[in-house]
Each structure stands twice: as C-alpha cells, then as structure tokens.
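Notes follow once the structure below has been shown.
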Amino acid sequence: MNTSCFSQMIEEPAWCLTAIALTILFLTAGFWIGRQKSWLIAIPPLILAATGLIAADCWTFSPRERVRAAIEQCVEAVKTNQKEELLKHLAPELASKMETTVNWAFSLAEFTHAYANDVKLEVNAFTTPPCIKATFFAGAKFQIRSGTALMDRYTCVMSVTFEEFEDGEWLISSFEQRSLSQM
C-alpha cells in the first residue's frame, strides 16, 4: 500500500479541501480589504485543485473500500450458493486448504440468506505485504439438502486478514471465527 502524501490526500481529502477552502477565503478577504485583483489570480488554480481532489476521490477505490467490497462479494456468493465466487477471494495457499471444506458445506446445505454486519477495518501498512484485518458479525441461514439439522442458521464473529497481492487485489490470507450460534 502506497502511503505517499498524494495517496493519503485521495483517500481522505477532507483536510486538503478544508485547507483549500480556507486559502480561498483568505484570498477573497485580501481582495476585499485591499481591492487588488492580484489576490483573485490564485483562486482559479485552487478551485481546480479542489475539483481534482474530489474527482480523484470519486474515481479511485481505497484499500478499505476494496476490502469492504470483497466482503460484500463473499456474502453475496454464500447467499447465492456460488462456491467458485467465494473461493476466488481466498489467497492461493488458503484456497487449497479450504476448498474441501467449502465443497463439503455447499454440498451439505443450500444457503438462503447471508450477512456481514458491523465491519471494522484495521489497516497495517507496515507489514510486507500490507494487510487489513476485518472484524465483523457474520451469519447464514441454510437448509440441509437431506435430513434434518438442530438449527437452520449459523452466526459468528469473524476476524479476516486480507493481504495485498502483486496485481493489487486484496485476498483473504487467514481467518478466525467464534461461533455465536451455540450461546
């Protein structure tokens, strides 16, 4: 994850936009008090800079936004019973370990509802590769394909670690879950 000043401005442009707005107010006050047009010359470039920051913020996705989107896509994959879509969000080494478990779960049950609530993200840019730890409440409602089950839903607290790979994609490298269904 690039932590340069420019990337931080794009990810959180509020401080820069506030500084630009205060500078424009200062220049306008200078024009008003001094009645000199030279104060107004600097305003159009500042307005262009503010417009550029707003546009860059709208058209780029920060790592946090990418991870949130990946979580939403995983939830949608479970909800629609698409195990291939779920597996593509796993890092290669985790996917090879989890493929049997995922195949077993999707063959045993048909998922009718899934959710991830109260997602909290913690960015650690100082690791190599950079990672983001997501903690959230997750749950799924399901129907057993043959036979009966004691319960028809599963809820848990999940801690999922996403790592940035060479292609800029954020994939799940590890996870922990604590079941709430049995409480």
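Here, each number is a calculation from the coordinates, and none is a lab measurement. Worth saying up front: this structure is predicted, and the values here are computed from it rather than measured. Cβ: placed from backbone, ideal geometry, glycine included. Neighbour counts: every protein chain shown.
Observations
- Cα-centre dipole for the chain with unit charges at Cβ (Lys and Arg positive, Asp and Glu negative), debye to 20: 560 debye
- Close Lys-Lys pairs in the chain, where close means Cα under 23 Å and separation is 8 or more or interchain: 15
- With the convex hull of its Cα atoms as the shape, segment 61-134 has an orientation-averaged projected area of 5.6 nm².
- Once Rg and the Kirkwood radius are both taken over the C-alpha atoms of segment 36-183, their ratio Rg/Rh works out to 1.18.
- Inter-label distance, nm, simple model (7 Å from Cα along the C-beta direction), S179/A95: 2.9 nm
- Gained length - T80 relative to F26, 0.36 nm times residue gap less alpha-carbon distance: 13.9 nm
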